[in-house]
Amino acid sequence: MTSSNWNPGAVEIVGGAGQVVTYTGGSSLPSRGAVVFVHPINTSARVWHEVVGLLGIDALALDLRGHGRSAQVGPYTVDGYVEDVVAAMDAHGVEAAHLVGGSLGGTISAATAAAHPNRVLSVAAFGSTLGTGVGDDAIAAMVAELDAAGMTTYFAELIPQVLGTQFRSPEIVAVALEAIGDRPESVVADILRGAFGADIRDRTDRISAPTHAIAGTEDPTCPVAMSTEFAAATGGTSAELPGVGHLPMVETPAAVAAILEQFWSGSREGTPKP
């Protein structure tokens, strides 16, 4: 693995809800075997830069609707985000890809595999769940806290709490906050409602691609039990990252890159590898 960061260029495409900004290193991606990175909600493609750099590959990443530089237009649902992923693949000539997702990005990746089985070669999900089970009252309280604090303060206080204890350095927190950016509280609130109310358990029987679910042992949002359920329901495998929280791609990108390389090396015979 190399140690350089990935410094991709941005390409604007049209998705189901308007402009979607995608990122590649500028090379021609393979039509089969490319890697597509899907970020956690309320972050952006920025969270994957170190991981892709360590892998030493080019890849495709995107800012989902309502995130990063993409249009702030809903609906902010799993199905809406699946549209964004497929639109990004289409625009870059990617017929079938290995999907890598963080948090809801893993849920979105699995939902993409269920809806478009011929287009997904594998799914690696970090800190992901099939559904949080968070009730309406808890989601409303979350949104009320956001409205009271304002976006900047809300995430400045939240991010250290979701990172593993040993991964709360100013540098790591800064990367996470950079990825979050600045958006209206109303957009963030709608994204939170859509994410915490999502559940894809009824789709898992349509997933045929190999899956690997990885959880940090200090993840307070999607704990190990949720990741284990994800793997079992999709017929996949699971692993743990000791001491890691909810954002392993920024906490320990080298460990994430190593897990991906090992997972892809065991891909089914005949499956194009990254």
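If I build a Gaussian network model for the chain, linking alpha-carbon pairs within less than 10 angstrom, which residue out of Asp84, Asp202, Asp63 has the largest mean-square fluctuation?
Among Asp84, Asp202, Asp63, the largest GNM mean-square fluctuation belongs to Asp202.
Have a look at Thr204, Val120, Ile214 and report the one farthest towards the positive end of the charge dipole of the chain, computed about the Cα centre with Cβ charges (Lys/Arg +1, Asp/Glu -1).
Highest projection toward the positive end goes to Val120.
What residues of the range 175-197 lie in the reach of a label at Ala138, counting those whose backbone N is under 13 Å from a point 7 Å from the Cα along Cα→Cβ?
Of the residues in the range 175-197, 196-197 have backbone N under 13 Å from the label point off Ala138.
Please give me the summed charge of the neighbours of Gly164: other residues whose Cβ is under 11 Å from its Cβ, Lys and Arg +1, Asp and Glu -1.
-2
How charged is the neighbourhood of Val143? Take every other residue with its Cβ under 10 Å from the Cβ of Val143, and add Lys/Arg as +1 and Asp/Glu as -1.
Counting the neighbours of Val143, the net charge comes to -3.
Counting helices only, and only those DSSP H runs with n ≥ 4, report the 222 nm mean residue ellipticity of the chain as the sum of -39,500 (n - 2.57) divided by its residues, in deg cm²/dmol to the nearest 500.
After summing the helix terms and dividing by residue count, I get -12000 deg cm²/dmol.
How much accessible surface area, in Å² rounded to 10, belongs to the heavy atoms of Ile139 with a 1.4 Å probe?
Accessible area, nearest 10 Å²: 10 Å².
Out of (i) 57, 51, 37; (ii) 51, 47, 38; (iii) 52, 40, 38, which label holds the value of Cα extents along the principal axes in Å that was computed here?
(iii)
Express the carbon and sulfur contribution to the solvent-accessible surface of the range 67-143 as a percent, rounded to the nearest whole number, probe 1.4 angstrom.
52 percent
Got a number for the accessible area of Met142? Probe 1.4 Å, square angstrom, nearest 10.
Answer for Met142: close to 40 Å² accessible.
Return the single residue from Gln166, Gln72, Gln19 with maximal mean-square fluctuation; model: Gaussian network over the chain, springs between Cα atoms under 10 Å.
Gln166
The values are calculated or read from the model by the stated rules, or taken from the named source; none is laboratory data. Just so it is clear, the structure is predicted and the values come from calculations on it, not from any experiment. Neighbour counts are summed over all protein chains in view; Cβ atoms, including those assigned to glycine, are modelled from backbone coordinates with ideal geometry. The area values use the complete protein model at the heavy-atom level, side chains included, leaving out ligands, DNA and RNA. Shrake-Rupley method; radii C 1.70, N 1.55, O 1.52, S 1.80 Å.
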